[in-house]
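Peer 1: Encoded as structure tokens, here's the structure I'll be asking about.
The values are calculated or read from the model by the stated rules, or taken from the named source; none is laboratory data. What you see is a predicted model, and the numbers here were worked out from it, not measured in a lab. FYI the Cβ positions are ideal-geometry reconstructions off the backbone, even for glycines, and counts take in every protein chain you see. What goes into the accessible areas is simple: the full protein's heavy atoms, side chains included, and nothing from ligands, DNA or RNA. Shrake-Rupley method; radii C 1.70, N 1.55, O 1.52, S 1.80 Å.
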Amino acid sequence: MPPGDLRQAILALSDDEIESDLRALLRYRFTPKGNSSLNGATVGNILLTALVEITGSLPIALNTLCRWFKVKGKVLPVSLDDSELCVTLSDGSMLKGEGMIDTRSIDDHRTIRSASLSPGANIFIDAYEALVNAEKIVFCPGDLYTSVIPNTLVVGFREAISKTGARLIYVVNIMTKKAETHDFTASQFAKTLLSYVGAEKFDAVVCNATHIDPIIRERYKKEYSVPVPIDREELACYTEQIVEEDLADQTGDIVRHKEKIASVIARL
């Protein structure tokens, strides 16, 4: 389980009263200095790794970090097993490991055909029960093959989805990414994810309807990244409801989802 994903979840759910310095500390990444072993390391990841070694348990370590940051809710790893993400590319070759998949050159025009785990992993029982008993399950925006789909690959995930009475909500990315979703439309995002989730349709798919600033678009275009088109007729095949909202935060020349997304999900 990538510690960075757990760290981001803790930050997202931490109490608003937590001092900004503490938040900054958890996300701080050391800048390269000579041959230091800390080059590129994140303080939050180091803390979590240390707590796992101290407590001997990832769930206990997570609970400790959540308590320190007064997390509202629970942060649950999808699995406690050691496993590597693998993908098969359009030329039949296989890549193993998130880094190998996600950091491919923009000149690499091969596309991802399928994803799997090696060795296989089983779902964490607490995560299974949370899915089965949920009222809503939100598949968040993020790298489709290296952040979202890996959660669905553990044994027991599809079974939990088949048993849950939760509404299934998918928040589509605002921009495409060359290594994973080059030229994807909203329906392609939804269709691909559904094939791993094991459901026929989402209850709702949330898409960004904000026009992206031409200057920002041009900067993203250099990396073959473009705004995700909403192909409504095709998308309707994969969801009961299409939600289009002004969701793009474009401050700092980077496109992210606005906090407004929380209220959009809450009212569905």
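Peer 1: Confirm whether I230 is touching an Asp or Glu at 6+ places or on another chain (Cβ under 9 Å) and in a loop (DSSP other than H, G, I, E, B).
Peer 2: Judged against the criteria, I230 is a match.
Peer 1: Kindly indicate whether I254 is open to solvent by 30 Å² or more (accessible area, probe 1.4 Å) and either touching a Lys or Arg at 6+ places or on another chain (Cβ under 6 Å) or hydrophobic (A, V, I, L, M, F, W, C) (or both).
Peer 2: Taking the combined requirement at face value, the residue satisfies it.
Peer 1: Sticking with this one: Name the single residue, out of those in region 95-148 being in contact with a helix residue (DSSP H, G or I) (Cβ under 8 Å, 6 or more places away or on another chain) and part of a strand (DSSP E or B), that is surrounded by the fewest Cβ atoms within 10 Å (Cβ to Cβ).
Peer 2: K136
Peer 1: Among (1) in contact with a Ser or Thr (Cβ under 9 Å, 6 or more places away or on another chain); (2) over 29 Å from M100 (Cα atoms); (3) open to solvent by less than 30 Å² (accessible area, probe 1.4 Å); (4) among the small types (G, A, S), which single condition is A179 missing?
Peer 2: All conditions are met except number (2).
Peer 1: So for region 208-222 (the condition being in a strand (DSSP E or B) and either open to solvent by 30 Å² or more (accessible area, probe 1.4 Å) or within 18 Å of E180 (Cα to Cα) (or both)), does at least one residue qualify? Give the derivation first.
Peer 2: Narrowing region 208-222 to residues in a strand (DSSP E or B): 208.
With either open to solvent by 30 Å² or more (accessible area, probe 1.4 Å) or within 18 Å of E180 (Cα to Cα) (or both) added as a condition, the list becomes none.
Within region 208-222 (the criterion being in a strand (DSSP E or B) and either open to solvent by 30 Å² or more (accessible area, probe 1.4 Å) or within 18 Å of E180 (Cα to Cα) (or both)), the answer is no, since none of the residues qualifies.
Peer 1: Pairs, please: C-beta under 9 Å, at least 6 apart or cross-chain, first residue in contact (Cβ under 8 Å) with a residue 40 or more places away in the chain and more than 17 Å from N173 (Cβ to Cβ) and in region 198-217, second open to solvent by 30 Å² or more (accessible area, probe 1.4 Å) and of a type in the set (K, R)?
Peer 2: Pairs found: G198/R158; D203/K136; D203/R167.
Matching residues to (1) open to solvent by 30 Å² or more (accessible area, probe 1.4 Å); (2) at pLDDT 95 or above; (3) touching a strand residue (DSSP E or B) at 6+ places or on another chain (Cβ under 9 Å); (4) over 21 Å from V255 (Cα atoms):
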residue: F189; (1), (2), (3), (4): no, yes, yes, no
residue: L193; (1), (2), (3), (4): no, yes, yes, yes
residue: G198; (1), (2), (3), (4): yes, no, no, yes
residue: K201; (1), (2), (3), (4): yes, yes, yes, yes
residue: V206; (1), (2), (3), (4): no, yes, yes, no
residue: Y224; (1), (2), (3), (4): yes, no, no, no
residue: P229; (1), (2), (3), (4): yes, yes, no, no
residue: L235; (1), (2), (3), (4): no, yes, yes, yes
residue: Q241; (1), (2), (3), (4): yes, yes, yes, yes
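Peer 1: Quick one: how many residues across region 60-94 are surrounded by 16 or more Cβ atoms within 10 Å (Cβ to Cβ), within 23 Å of I46 (Cα to Cα), touching a residue at least 24 places away in the same chain (Cβ under 8 Å) and not aliphatic (A, V, I, L, M)?
Peer 2: 6
Peer 1: Filter region 1-56 down to residues that are part of a helix (DSSP H, G or I) and farther than 21 Å from K70 by Cβ and give me whichever is most open to solvent (accessible area, probe 1.4 Å).
Peer 2: Within region 1-56, the subset part of a helix (DSSP H, G or I) is 3-13, 20-27, 43-55.
Those still in the list that are farther than 21 Å from K70 by Cβ too: 49, 53.
On the way: T49: 71, E53: 148 Å².
Going through the qualifying residues, I end up with E53.
Peer 1: For I161, indicate whether it is open to solvent by 70 Å² or more (accessible area, probe 1.4 Å), in a helix (DSSP H, G or I) and touching a residue at least 24 places away in the same chain (Cβ under 8 Å).
Peer 2: For I161, the condition - open to solvent by 70 Å² or more (accessible area, probe 1.4 Å), in a helix (DSSP H, G or I) and touching a residue at least 24 places away in the same chain (Cβ under 8 Å) - is not met.
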